[in-house]
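The next block holds one structure in the form of structure tokens; read it before the comments.
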Amino acid sequence: MTKPTTSQETPAKHKRLTLSEIVEMSLSKSGGKSSAVSLSRNASGETLIEVTVATSDDADTATIEDAERGAHEVYARLVAAYPPLGAHDNSALTLTRNAKGETQVEVTTRTSETLPTVDALADKGSEVYDRMRCKYPMANGMTARPGSVA
């Protein structure tokens, strides 16, 4: 005769989880994506802003469009709080002298808010070149007439 076993006598066996149970558990965890704001400064001192707004079950961010609106509001508020230090167009002016003693003028311009087109760049580059050439004439004493350099 075999005696009946009770749950106290038999060690509990661990149930193996199925793949679908593991996926369900990982999706139901609250440790998923969360909203975040990151502020840092780059080498030139500008504040870099990163805003992440995740969708959730609450009414404010239920859809991707809601999350986008929320991110835009936060970003706009932070840009107002940390405005750019000062826009510049990264232009360069290089003056060197050759063997004859003539000053070599090199003007480099880049588009910016104040110089948005190539034509605006060309005009500004010619203006700066002409001004520098008048200040630093050629070895024979000649200067460029304003507007003569294309």
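Only residues that are more than 15 Å from the chain's Cα centre (by Cα), surrounded by 12 or more Cβ atoms within 10 Å (Cβ to Cβ) and among the hydrophobic types (A, V, I, L, M, F, W, C) were counted in region 35-70, giving 4.
Annotation: of all residues in region 91-124 being surrounded by 10 or more Cβ atoms within 10 Å (Cβ to Cβ) and either in the same structural domain as Ala54 (by TED's automatic domain parsing) or among the charged types (D, E, K, R) (or both), the one that is farthest from the chain's Cα centre (by Cα) is Glu102. Looking only at region 93-121, residues that are farther than 21 Å from Met138 by Cα and out of contact with any Gly (no Cβ under 9 Å at 6 or more places or on another chain) come to 12 in all. Residues in region 71-90 that are surrounded by 12 or more Cβ atoms within 10 Å (Cβ to Cβ) and touching a Lys or Arg at 6+ places or on another chain (Cβ under 6 Å): Asp89 alone. Restricting attention to region 1-60, the residues being modelled with pLDDT under 80, out of contact with any helix residue (DSSP H, G or I) (no Cβ under 7 Å at 6 or more places or on another chain) and among the acidic types (Asp, Glu) number 4.
Taking region 45-69 as the range and being within 30 Å of Leu85 (Cα to Cα) and in a helix (DSSP H, G or I) as the test, the residues that pass are Ala67, Glu68, Arg69.
Here Val51 meets the list (1) in contact with a Phe, Trp or Tyr (Cβ under 8 Å, 6 or more places away or on another chain); (2) under 25 Å from Tyr136 (Cα atoms) almost entirely, failing just condition (2).
The values are calculated or read from the model by the stated rules, or taken from the named source; none is laboratory data. Predicted model, so just to flag it, every value in this text is computed and none were measured. Here Cβ is always computed from backbone atoms with ideal geometry, including for glycine, and neighbour counts include all displayed protein chains.
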